[in-house]
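This report concerns only the one structure given below.
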Amino acid sequence: QVTCIEVVEAYVERIKEVNPLINAVVKDRFEEALQEARQVDKLLSEGPVDEYLEEKFPLLGVPITVKEAFCLYGMPNTSGLVNRRNVIATSDATVVSRLKQAGAIPLGVTNCSELCMWYESSNRVYGRTNNPYDLQRIVGGSSGGEGSVLAAACSVIGVGSDIGGSIRMPAFFNGVFGHKPTTGVVPNDGQFPNAHGVRTSYLCTGPMCRYAEDLEPVLRVMAGPGVSKLKLSEKVSLEKIKFHCMDHDGGSVFVSPVDKEILQAQKKVVEYLESDLGIQVQRVAIHKMKYSFQIWSAMMSSKDSEGQEAQRFTDLLGDHGKPVWPLWELMKWLVGMSSHTLPAIALGLTEKLVNLNDSGKAKLVSMGKSLQEEMEALLGPDGVLLYPSHPTIAPKHHSPICTPFNFAYTAIFNVLGLPVTQCPLGLGSEGLPLGIQLVAAAYNDHLTLAVAQYLERAFGGWVLPGKV
(Lines give C-alpha, C1' and ligand atoms only; values in the text may rest on other atoms or scores of the structure.)
Protein backbone atom coordinates (compact mmCIF):
# COMPACT_ATOMS: atom_id res chain seq x y z
CA GLN A 1 0.00 0.00 0.00
CA VAL A 2 2.92 2.35 0.61
CA THR A 3 6.42 2.53 -0.82
CA CYS A 4 9.48 1.89 1.29
CA ILE A 5 10.71 5.43 0.70
CA GLU A 6 7.41 6.77 2.11
CA VAL A 7 7.81 4.63 5.23
CA VAL A 8 11.43 5.63 5.84
CA GLU A 9 10.66 9.31 5.16
CA ALA A 10 7.81 9.17 7.70
CA TYR A 11 10.14 7.79 10.39
CA VAL A 12 12.90 10.27 9.56
CA GLU A 13 10.42 13.14 9.92
CA ARG A 14 9.13 11.70 13.20
CA ILE A 15 12.68 11.49 14.63
CA LYS A 16 13.40 15.08 13.53
CA GLU A 17 10.17 16.16 15.25
CA VAL A 18 10.59 14.49 18.66
CA ASN A 19 14.31 13.78 19.10
CA PRO A 20 15.06 17.35 20.30
CA LEU A 21 12.79 16.52 23.27
CA ILE A 22 13.83 12.94 24.05
CA ASN A 23 17.48 12.89 22.83
CA ALA A 24 17.29 9.19 21.97
CA VAL A 25 18.93 9.03 18.51
CA VAL A 26 22.52 10.19 19.04
CA LYS A 27 23.70 9.80 15.45
CA ASP A 28 21.54 9.30 12.37
CA ARG A 29 22.19 7.83 8.93
CA PHE A 30 19.14 9.31 7.23
CA GLU A 31 20.76 9.84 3.80
CA GLU A 32 21.97 6.23 3.62
CA ALA A 33 18.60 4.95 4.91
CA LEU A 34 16.69 6.86 2.22
CA GLN A 35 19.07 5.53 -0.44
CA GLU A 36 18.51 1.96 0.83
CA ALA A 37 14.73 2.54 0.77
CA ARG A 38 14.94 3.56 -2.91
CA GLN A 39 16.83 0.33 -3.65
CA VAL A 40 14.08 -1.68 -1.93
CA ASP A 41 11.41 0.03 -4.05
CA LYS A 42 13.48 -0.64 -7.17
CA LEU A 43 13.78 -4.33 -6.26
CA LEU A 44 10.02 -4.59 -5.68
CA SER A 45 9.21 -2.84 -8.94
CA GLU A 46 11.22 -5.38 -10.91
CA GLY A 47 8.82 -8.25 -10.33
CA PRO A 48 6.10 -9.79 -8.15
CA VAL A 49 6.76 -10.45 -4.45
CA ASP A 50 7.13 -14.21 -4.22
CA GLU A 51 7.90 -16.67 -1.43
CA TYR A 52 11.59 -16.64 -2.26
CA LEU A 53 11.79 -12.89 -1.70
CA GLU A 54 9.82 -13.13 1.56
CA GLU A 55 12.05 -15.93 2.80
CA LYS A 56 15.29 -14.20 1.83
CA PHE A 57 14.31 -10.73 3.11
CA PRO A 58 11.77 -11.21 5.94
CA LEU A 59 12.36 -7.61 7.16
CA LEU A 60 12.64 -5.96 3.75
CA GLY A 61 12.42 -2.18 4.10
CA VAL A 62 11.63 -2.19 7.85
CA PRO A 63 13.17 0.83 9.67
CA ILE A 64 15.18 -0.12 12.77
CA THR A 65 17.39 1.59 15.34
CA VAL A 66 20.45 0.16 17.07
CA LYS A 67 21.86 0.71 20.57
CA GLU A 68 25.07 2.72 20.19
CA ALA A 69 27.02 0.03 22.09
CA PHE A 70 26.67 -2.19 18.96
CA CYS A 71 28.85 -1.73 15.89
CA LEU A 72 26.88 -0.28 12.98
CA TYR A 73 29.19 0.51 10.07
CA GLY A 74 30.08 4.20 9.88
CA MET A 75 28.38 5.05 13.19
CA PRO A 76 30.03 5.92 16.53
CA ASN A 77 30.59 3.10 19.02
CA THR A 78 31.51 4.88 22.28
CA SER A 79 29.11 3.32 24.81
CA GLY A 80 29.02 6.78 26.34
CA LEU A 81 32.73 6.77 27.24
CA VAL A 82 34.41 10.14 26.58
CA ASN A 83 37.78 8.65 25.65
CA ARG A 84 36.05 6.61 22.89
CA ARG A 85 34.45 9.73 21.41
CA ASN A 86 36.27 9.28 18.10
CA VAL A 87 35.64 5.54 17.71
CA ILE A 88 33.69 4.84 14.51
CA ALA A 89 32.55 1.29 13.69
CA THR A 90 34.30 -0.18 10.65
CA SER A 91 32.02 -3.25 10.54
CA ASP A 92 28.62 -4.45 11.78
CA ALA A 93 27.90 -6.45 14.94
CA THR A 94 26.70 -9.96 14.04
CA VAL A 95 23.03 -9.24 14.86
CA VAL A 96 23.14 -5.92 12.99
CA SER A 97 24.61 -7.66 9.96
CA ARG A 98 21.87 -10.32 10.08
CA LEU A 99 19.12 -7.71 10.32
CA LYS A 100 20.58 -5.77 7.37
CA GLN A 101 20.85 -8.97 5.32
CA ALA A 102 17.18 -9.66 6.14
CA GLY A 103 16.36 -6.28 4.53
CA ALA A 104 16.06 -4.01 7.60
CA ILE A 105 17.12 -0.36 7.22
CA PRO A 106 18.95 1.20 10.19
CA LEU A 107 18.01 4.84 10.82
CA GLY A 108 20.73 5.50 13.39
CA VAL A 109 22.14 4.63 16.81
CA THR A 110 20.59 5.36 20.19
CA ASN A 111 21.84 6.43 23.60
CA CYS A 112 22.88 4.17 26.48
CA SER A 113 24.34 4.56 29.97
CA GLU A 114 28.11 4.91 30.41
CA LEU A 115 29.63 1.49 29.60
CA CYS A 116 26.08 0.03 29.69
CA MET A 117 26.27 -0.51 33.45
CA TRP A 118 23.56 1.75 34.88
CA TYR A 119 19.80 1.98 34.60
CA GLU A 120 19.61 5.65 33.60
CA SER A 121 20.75 6.38 30.03
CA SER A 122 22.94 9.43 30.50
CA ASN A 123 26.62 10.01 29.72
CA ARG A 124 29.19 12.73 29.09
CA VAL A 125 29.28 12.11 25.33
CA TYR A 126 25.59 12.51 24.41
CA GLY A 127 23.86 13.75 27.55
CA ARG A 128 20.61 12.38 28.93
CA THR A 129 17.70 10.64 27.23
CA ASN A 130 14.15 11.49 28.37
CA ASN A 131 11.01 9.41 28.71
CA PRO A 132 8.39 10.26 26.01
CA TYR A 133 5.56 9.90 28.56
CA ASP A 134 7.15 12.44 30.93
CA LEU A 135 10.40 14.20 30.01
CA GLN A 136 11.29 14.45 33.73
CA ARG A 137 11.44 10.63 33.98
CA ILE A 138 14.21 8.18 33.13
CA VAL A 139 14.13 5.84 30.16
CA GLY A 140 15.99 3.07 31.97
CA GLY A 141 19.26 1.53 30.92
CA SER A 142 21.34 0.53 29.42
CA SER A 143 19.26 0.19 26.21
CA GLY A 144 17.35 3.34 27.22
CA GLY A 145 17.64 5.15 23.89
CA GLU A 146 15.96 2.17 22.23
CA GLY A 147 13.10 2.14 24.75
CA SER A 148 12.54 5.86 24.28
CA VAL A 149 12.79 5.87 20.46
CA LEU A 150 10.33 2.97 20.14
CA ALA A 151 7.83 4.44 22.60
CA ALA A 152 7.92 7.75 20.71
CA ALA A 153 7.05 5.90 17.44
CA CYS A 154 10.42 6.79 15.85
CA SER A 155 11.33 3.19 15.00
CA VAL A 156 9.72 -0.22 14.51
CA ILE A 157 12.41 -2.52 15.92
CA GLY A 158 15.28 -1.94 18.33
CA VAL A 159 18.49 -3.87 18.96
CA GLY A 160 19.20 -4.13 22.69
CA SER A 161 21.47 -6.04 25.06
CA ASP A 162 20.84 -7.18 28.62
CA ILE A 163 23.13 -8.37 31.44
CA GLY A 164 21.03 -7.14 34.36
CA GLY A 165 17.78 -5.99 32.76
CA SER A 166 19.11 -3.61 30.10
CA ILE A 167 16.42 -4.63 27.58
CA ARG A 168 13.56 -5.19 30.01
CA MET A 169 13.86 -2.08 32.23
CA PRO A 170 13.79 0.38 29.29
CA ALA A 171 10.98 -1.64 27.69
CA PHE A 172 9.04 -1.43 30.97
CA PHE A 173 9.65 2.28 31.68
CA ASN A 174 8.73 3.18 28.07
CA GLY A 175 5.75 0.86 27.64
CA VAL A 176 7.08 -1.37 24.84
CA PHE A 177 7.95 -5.05 24.44
CA GLY A 178 11.43 -6.38 25.10
CA HIS A 179 12.70 -9.95 25.00
CA LYS A 180 15.78 -11.35 26.75
CA PRO A 181 16.30 -14.67 24.97
CA THR A 182 17.58 -17.88 26.50
CA THR A 183 21.30 -17.39 27.11
CA GLY A 184 23.73 -18.42 24.37
CA VAL A 185 21.31 -18.40 21.42
CA VAL A 186 21.76 -14.90 19.94
CA PRO A 187 25.43 -13.88 19.36
CA ASN A 188 26.80 -10.93 21.36
CA ASP A 189 29.75 -10.22 19.01
CA GLY A 190 30.40 -6.65 17.95
CA GLN A 191 29.29 -4.71 21.01
CA PHE A 192 31.34 -2.72 23.51
CA PRO A 193 31.83 -3.66 26.22
CA ASN A 194 31.39 -7.34 25.40
CA ALA A 195 31.21 -9.98 28.12
CA HIS A 196 34.29 -11.95 29.14
CA GLY A 197 34.81 -14.95 31.39
CA VAL A 198 31.76 -16.07 33.34
CA ARG A 199 29.72 -13.07 32.10
CA THR A 200 29.46 -14.54 28.61
CA SER A 201 26.80 -16.80 30.13
CA TYR A 202 24.76 -13.82 31.37
CA LEU A 203 24.87 -11.22 28.59
CA CYS A 204 22.03 -11.50 26.07
CA THR A 205 21.25 -9.62 22.85
CA GLY A 206 17.60 -9.37 21.91
CA PRO A 207 14.78 -7.47 20.21
CA MET A 208 12.75 -4.52 21.48
CA CYS A 209 9.49 -3.74 19.64
CA ARG A 210 6.30 -1.71 19.87
CA TYR A 211 4.21 -4.72 18.89
CA ALA A 212 4.43 -8.20 20.41
CA GLU A 213 4.04 -9.99 17.07
CA ASP A 214 7.31 -8.42 15.86
CA LEU A 215 9.43 -10.03 18.57
CA GLU A 216 9.43 -13.54 17.08
CA PRO A 217 10.40 -12.74 13.44
CA VAL A 218 13.15 -10.40 14.67
CA LEU A 219 14.41 -13.00 17.17
CA ARG A 220 14.56 -15.56 14.32
CA VAL A 221 16.78 -13.24 12.28
CA MET A 222 18.98 -12.31 15.25
CA ALA A 223 19.48 -15.94 16.28
CA GLY A 224 20.39 -17.13 12.77
CA PRO A 225 21.27 -20.86 12.79
CA GLY A 226 20.97 -20.84 16.61
CA VAL A 227 17.20 -20.44 16.23
CA SER A 228 16.88 -24.23 15.93
CA LYS A 229 17.47 -24.44 19.72
CA LEU A 230 14.28 -22.46 20.30
CA LYS A 231 10.83 -23.90 19.64
CA LEU A 232 9.47 -20.89 17.79
CA SER A 233 7.47 -22.95 15.30
CA GLU A 234 5.66 -24.94 18.00
CA LYS A 235 2.01 -24.02 18.38
CA VAL A 236 1.27 -22.78 21.90
CA SER A 237 -2.00 -23.72 23.59
CA LEU A 238 -2.48 -21.04 26.25
CA GLU A 239 -4.96 -23.18 28.23
CA LYS A 240 -2.24 -25.79 28.72
CA ILE A 241 0.34 -23.39 30.13
CA LYS A 242 0.89 -23.73 33.88
CA PHE A 243 0.89 -20.13 35.11
CA HIS A 244 2.67 -19.14 38.32
CA CYS A 245 2.60 -15.73 39.97
CA MET A 246 4.95 -14.04 42.43
CA ASP A 247 4.10 -10.49 43.59
CA HIS A 248 7.51 -9.48 44.94
CA ASP A 249 10.94 -10.83 45.83
CA GLY A 250 10.02 -11.59 49.44
CA GLY A 251 11.34 -8.36 50.93
CA SER A 252 15.02 -7.78 50.13
CA VAL A 253 16.63 -5.12 52.34
CA PHE A 254 18.37 -3.67 49.27
CA VAL A 255 15.32 -3.20 47.06
CA SER A 256 12.25 -0.90 47.18
CA PRO A 257 8.84 -2.42 47.93
CA VAL A 258 6.72 -2.99 44.78
CA ASP A 259 4.38 -0.06 43.94
CA LYS A 260 0.68 -0.67 44.55
CA GLU A 261 -0.18 0.14 40.92
CA ILE A 262 2.26 -2.49 39.64
CA LEU A 263 0.76 -5.06 42.03
CA GLN A 264 -2.77 -4.11 40.90
CA ALA A 265 -1.80 -4.47 37.24
CA GLN A 266 -0.36 -7.93 37.95
CA LYS A 267 -3.54 -8.88 39.85
CA LYS A 268 -5.64 -7.86 36.83
CA VAL A 269 -3.50 -10.11 34.60
CA VAL A 270 -4.05 -13.06 36.98
CA GLU A 271 -7.81 -12.42 37.11
CA TYR A 272 -8.00 -12.13 33.31
CA LEU A 273 -6.05 -15.35 32.72
CA GLU A 274 -8.24 -17.24 35.18
CA SER A 275 -11.55 -15.97 33.80
CA ASP A 276 -10.68 -16.04 30.10
CA LEU A 277 -8.73 -19.31 29.95
CA GLY A 278 -10.57 -21.07 32.76
CA ILE A 279 -7.34 -21.95 34.54
CA GLN A 280 -5.88 -21.53 38.01
CA VAL A 281 -2.81 -19.32 38.41
CA GLN A 282 -0.57 -20.83 41.09
CA ARG A 283 0.78 -18.35 43.66
CA VAL A 284 4.39 -19.11 44.57
CA ALA A 285 6.89 -17.77 47.11
CA ILE A 286 10.45 -18.61 46.11
CA HIS A 287 12.51 -17.80 49.21
CA LYS A 288 15.90 -17.39 47.45
CA MET A 289 14.55 -14.55 45.24
CA LYS A 290 14.96 -12.34 48.32
CA TYR A 291 18.72 -12.56 47.70
CA SER A 292 18.51 -11.71 43.97
CA PHE A 293 20.93 -8.78 44.12
CA GLN A 294 23.50 -10.65 46.21
CA ILE A 295 23.30 -13.75 43.97
CA TRP A 296 23.66 -11.67 40.78
CA SER A 297 26.66 -9.74 42.20
CA ALA A 298 28.42 -12.91 43.37
CA MET A 299 27.84 -14.76 40.09
CA MET A 300 28.88 -11.74 37.99
CA SER A 301 32.20 -11.43 39.84
CA SER A 302 33.00 -15.16 40.09
CA LYS A 303 35.75 -16.92 38.14
CA ASP A 304 34.87 -18.96 35.06
CA SER A 305 35.55 -22.69 34.64
CA GLU A 306 39.13 -21.92 33.58
CA GLY A 307 39.75 -19.77 36.66
CA GLN A 308 39.63 -16.49 34.72
CA GLU A 309 38.69 -13.46 36.85
CA ALA A 310 35.74 -11.29 35.78
CA GLN A 311 36.75 -8.05 34.05
CA ARG A 312 36.90 -5.09 36.42
CA PHE A 313 34.69 -2.08 35.73
CA THR A 314 37.56 0.35 36.50
CA ASP A 315 39.62 -1.30 33.72
CA LEU A 316 36.72 -0.83 31.29
CA LEU A 317 36.43 2.83 32.29
CA GLY A 318 40.08 3.27 31.31
CA ASP A 319 39.38 1.51 27.98
CA HIS A 320 42.89 0.06 27.54
CA GLY A 321 44.44 3.36 28.69
CA LYS A 322 45.43 4.36 32.22
CA PRO A 323 43.38 2.63 34.93
CA VAL A 324 40.75 4.91 36.46
CA TRP A 325 41.02 5.76 40.17
CA PRO A 326 37.39 6.15 41.29
CA LEU A 327 38.21 8.22 44.41
CA TRP A 328 40.24 10.71 42.31
CA GLU A 329 37.42 10.79 39.73
CA LEU A 330 34.93 11.55 42.53
CA MET A 331 37.06 14.55 43.65
CA LYS A 332 37.18 15.75 40.03
CA TRP A 333 33.41 15.19 39.64
CA LEU A 334 32.66 17.36 42.67
CA VAL A 335 34.35 20.31 40.94
CA GLY A 336 32.91 19.49 37.50
CA MET A 337 36.19 18.17 36.07
CA SER A 338 35.48 14.43 35.58
CA SER A 339 34.64 12.98 32.18
CA HIS A 340 32.66 10.18 33.89
CA THR A 341 29.11 10.08 35.26
CA LEU A 342 28.50 9.81 39.01
CA PRO A 343 26.92 6.31 38.76
CA ALA A 344 30.01 5.02 36.90
CA ILE A 345 32.32 6.50 39.56
CA ALA A 346 30.14 5.05 42.33
CA LEU A 347 30.21 1.63 40.67
CA GLY A 348 34.01 1.83 40.51
CA LEU A 349 34.15 2.74 44.21
CA THR A 350 31.80 -0.04 45.33
CA GLU A 351 33.32 -2.69 43.06
CA LYS A 352 35.95 -3.61 45.63
CA LEU A 353 33.49 -3.46 48.54
CA VAL A 354 31.00 -5.73 46.76
CA ASN A 355 33.77 -8.25 46.15
CA LEU A 356 32.88 -10.38 49.15
CA ASN A 357 35.20 -12.80 50.84
CA ASP A 358 35.60 -15.99 48.85
CA SER A 359 33.55 -18.19 51.18
CA GLY A 360 30.64 -15.70 51.21
CA LYS A 361 30.74 -15.47 47.43
CA ALA A 362 30.90 -19.26 47.01
CA LYS A 363 27.82 -19.61 49.24
CA LEU A 364 25.87 -17.15 47.08
CA VAL A 365 27.01 -18.77 43.81
CA SER A 366 25.85 -22.12 45.20
CA MET A 367 22.51 -20.52 46.17
CA GLY A 368 22.20 -19.22 42.58
CA LYS A 369 22.78 -22.72 41.15
CA SER A 370 20.19 -24.17 43.49
CA LEU A 371 17.70 -21.38 42.60
CA GLN A 372 18.25 -22.20 38.92
CA GLU A 373 17.35 -25.85 39.56
CA GLU A 374 14.32 -24.80 41.59
CA MET A 375 13.11 -22.49 38.79
CA GLU A 376 13.64 -25.08 36.05
CA ALA A 377 11.72 -27.66 38.12
CA LEU A 378 8.88 -25.22 38.84
CA LEU A 379 8.50 -24.03 35.23
CA GLY A 380 9.20 -27.30 33.43
CA PRO A 381 8.27 -27.66 29.74
CA ASP A 382 4.99 -25.71 30.01
CA GLY A 383 5.30 -23.14 32.79
CA VAL A 384 5.28 -19.32 32.75
CA LEU A 385 6.00 -17.16 35.80
CA LEU A 386 4.45 -13.69 36.18
CA TYR A 387 6.84 -11.36 38.05
CA PRO A 388 7.18 -7.55 38.38
CA SER A 389 9.52 -5.90 35.85
CA HIS A 390 10.75 -3.40 38.45
CA PRO A 391 9.59 -2.33 41.93
CA THR A 392 8.59 1.18 40.72
CA ILE A 393 7.22 2.87 37.61
CA ALA A 394 9.68 5.10 35.68
CA PRO A 395 11.49 7.17 38.37
CA LYS A 396 12.48 10.81 37.99
CA HIS A 397 15.93 11.68 36.62
CA HIS A 398 18.86 11.07 39.02
CA SER A 399 16.71 9.20 41.58
CA PRO A 400 18.14 5.72 40.71
CA ILE A 401 21.29 6.77 42.60
CA CYS A 402 19.14 6.45 45.78
CA THR A 403 17.80 3.00 44.77
CA PRO A 404 20.80 1.48 42.97
CA PHE A 405 19.81 -2.15 43.51
CA ASN A 406 16.23 -2.06 42.18
CA PHE A 407 17.46 -3.69 38.95
CA ALA A 408 17.62 -6.98 40.91
CA TYR A 409 14.06 -7.75 39.71
CA THR A 410 15.38 -8.21 36.18
CA ALA A 411 19.03 -9.13 36.90
CA ILE A 412 18.31 -12.42 38.64
CA PHE A 413 17.03 -13.97 35.38
CA ASN A 414 20.33 -13.18 33.60
CA VAL A 415 22.33 -15.37 35.97
CA LEU A 416 19.60 -18.03 35.85
CA GLY A 417 19.82 -18.04 32.01
CA LEU A 418 16.01 -17.98 31.56
CA PRO A 419 14.10 -16.35 28.68
CA VAL A 420 11.98 -13.35 29.74
CA THR A 421 9.56 -11.12 27.83
CA GLN A 422 8.67 -7.68 29.22
CA CYS A 423 5.05 -6.95 28.39
CA PRO A 424 3.40 -3.49 28.73
CA LEU A 425 0.03 -3.29 30.53
CA GLY A 426 -1.24 0.18 29.68
CA LEU A 427 -0.65 3.38 31.66
CA GLY A 428 -1.03 4.05 35.38
CA SER A 429 -2.63 7.02 37.19
CA GLU A 430 0.32 9.31 36.37
CA GLY A 431 0.20 8.42 32.66
CA LEU A 432 3.31 6.26 32.95
CA PRO A 433 3.64 2.70 31.59
CA LEU A 434 2.90 -0.39 33.66
CA GLY A 435 4.13 -3.86 32.74
CA ILE A 436 5.05 -7.39 33.76
CA GLN A 437 7.83 -9.93 33.18
CA LEU A 438 6.89 -13.31 31.66
CA VAL A 439 9.49 -15.96 32.51
CA ALA A 440 9.87 -19.53 31.15
CA ALA A 441 12.39 -22.35 31.46
CA ALA A 442 15.45 -22.32 29.18
CA TYR A 443 14.68 -22.63 25.42
CA ASN A 444 10.95 -22.07 26.02
CA ASP A 445 10.99 -18.54 24.58
CA HIS A 446 7.97 -19.48 22.44
CA LEU A 447 5.78 -19.62 25.58
CA THR A 448 6.57 -16.09 26.83
CA LEU A 449 6.26 -14.66 23.30
CA ALA A 450 2.83 -16.27 22.86
CA VAL A 451 1.61 -14.98 26.26
CA ALA A 452 2.90 -11.47 25.39
CA GLN A 453 0.77 -11.44 22.22
CA TYR A 454 -2.23 -12.66 24.20
CA LEU A 455 -1.81 -9.97 26.90
CA GLU A 456 -1.30 -7.29 24.22
CA ARG A 457 -4.74 -8.11 22.82
CA ALA A 458 -6.26 -8.04 26.30
CA PHE A 459 -4.54 -4.95 27.75
CA GLY A 460 -3.81 -2.87 24.65
CA GLY A 461 0.00 -3.07 24.52
CA TRP A 462 1.90 0.06 23.54
CA VAL A 463 0.08 3.39 23.98
CA LEU A 464 1.14 6.44 21.97
CA PRO A 465 2.63 9.04 24.38
CA GLY A 466 0.37 12.07 24.76
CA LYS A 467 -2.72 10.08 23.82
CA VAL A 468 -5.40 10.49 26.49
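The values are calculated or read from the model by the stated rules, or taken from the named source; none is laboratory data. On a predicted model such as this, the values are computed, not experimentally measured, just so you know. Heads up, the Cβs are rebuilt from the backbone with ideal geometry, glycines too, and the neighbour counts pull from every protein chain shown. Areas reflect the complete protein model, heavy atoms only, side chains present, ligands, DNA and RNA absent. Shrake-Rupley method; radii C 1.70, N 1.55, O 1.52, S 1.80 Å.
Within the set of pairs 6+ apart or on separate chains, which have a first residue in the stretch 36-54 that is within 17 Å of V8 (Cα to Cα), a second that is open to solvent by 60 Å² or more (accessible area, probe 1.4 Å), and C-beta atoms under 8 Å apart?
A37/E9
Go through (1) modelled with pLDDT under 95; (2) within 21 Å of A452 (Cα to Cα); (3) among the aromatic types (F, W, Y) and name the single condition Y202 misses.
(2)
Hey, can you tell me all the residues within the stretch 194-208 that are more than 13 Å from N414 (Cα to Cα) and open to solvent by less than 20 Å² (accessible area, probe 1.4 Å)?
Within the stretch 194-208, G197, P207, M208 meet the criteria.
Can you find a residue in the stretch 416-424 that is part of a loop (DSSP other than H, G, I, E, B), in contact with an Asp or Glu (Cβ under 6 Å, 6 or more places away or on another chain), over 19 Å from L277 (Cα atoms) and open to solvent by 10 Å² or more (accessible area, probe 1.4 Å)?
no
State all residues of the stretch 176-192 that are open to solvent by 20 Å² or more (accessible area, probe 1.4 Å), more than 21 Å from P106 (Cβ to Cβ) and in contact with a Phe, Trp or Tyr (Cβ under 9 Å, 6 or more places away or on another chain); if no residue qualifies, say none.
Hit for the stretch 176-192 is T183, nothing else.
Among (1) of a type in the set (V, I, T); (2) in contact with a helix residue (DSSP H, G or I) (Cβ under 6 Å, 6 or more places away or on another chain); (3) at pLDDT 95 or above, where does V255 come up short?
All conditions pass for V255, except number (3).
From the list L150, L135, which one is crowded, with 24+ Cβ neighbours inside 10 Å and touching a residue at least 40 places away in the same chain (Cβ under 8 Å)?
The match here is L150.
Per-residue answers, yes or no, for (1) within 20 Å of the chain's Cα centre (by Cα); (2) touching a residue at least 40 places away in the same chain (Cβ under 8 Å); (3) assigned to a loop (DSSP other than H, G, I, E, B):
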position: P187; (1), (2), (3): yes, yes, yes
position: R199; (1), (2), (3): yes, yes, no
position: G206; (1), (2), (3): yes, yes, no
position: V221; (1), (2), (3): yes, yes, no
position: V227; (1), (2), (3): yes, yes, no
position: K231; (1), (2), (3): no, yes, yes
position: F243; (1), (2), (3): no, yes, no
position: G251; (1), (2), (3): no, no, yes
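Just checking, how many residues over the stretch 435-468 are among the charged types (D, E, K, R), surrounded by fewer than 24 Cβ atoms within 10 Å (Cβ to Cβ) and either touching a residue at least 24 places away in the same chain (Cβ under 8 Å) or touching a helix residue (DSSP H, G or I) at 6+ places or on another chain (Cβ under 6 Å) (or both)?
Qualifying residue count for the region: 1.
Report yes if some residue within the stretch 427-434 is charged (D, E, K, R), assigned to a loop (DSSP other than H, G, I, E, B), without any contact (Cβ under 8 Å) to a residue 24 or more places away in the chain and open to solvent by 30 Å² or more (accessible area, probe 1.4 Å); otherwise report no.
no
Can you say whether A93 is over 20 Å from S148 (Cα atoms), touching an Asp or Glu at 6+ places or on another chain (Cβ under 7 Å) and touching a residue at least 40 places away in the same chain (Cβ under 8 Å), as far as the supplied structure shows?
yes
Condition check ((1) within 27 Å of N174 (Cβ to Cβ); (2) not aliphatic (A, V, I, L, M)) across all residues:
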position: L215; (1), (2): yes, no
position: F243; (1), (2): yes, yes
position: G250; (1), (2): no, yes
position: Q280; (1), (2): no, yes
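Kindly establish whether I393 is under 21 Å from Q266 (Cα atoms) and either in contact (Cβ under 8 Å) with a residue 40 or more places away in the chain or surrounded by 20 or more Cβ atoms within 10 Å (Cβ to Cβ) (or both).
yes
Which of the residues belonging to the stretch 55-97 are open to solvent by 30 Å² or more (accessible area, probe 1.4 Å) and under 21 Å from V12 (Cα atoms)?
L60, V62, Y73, G74
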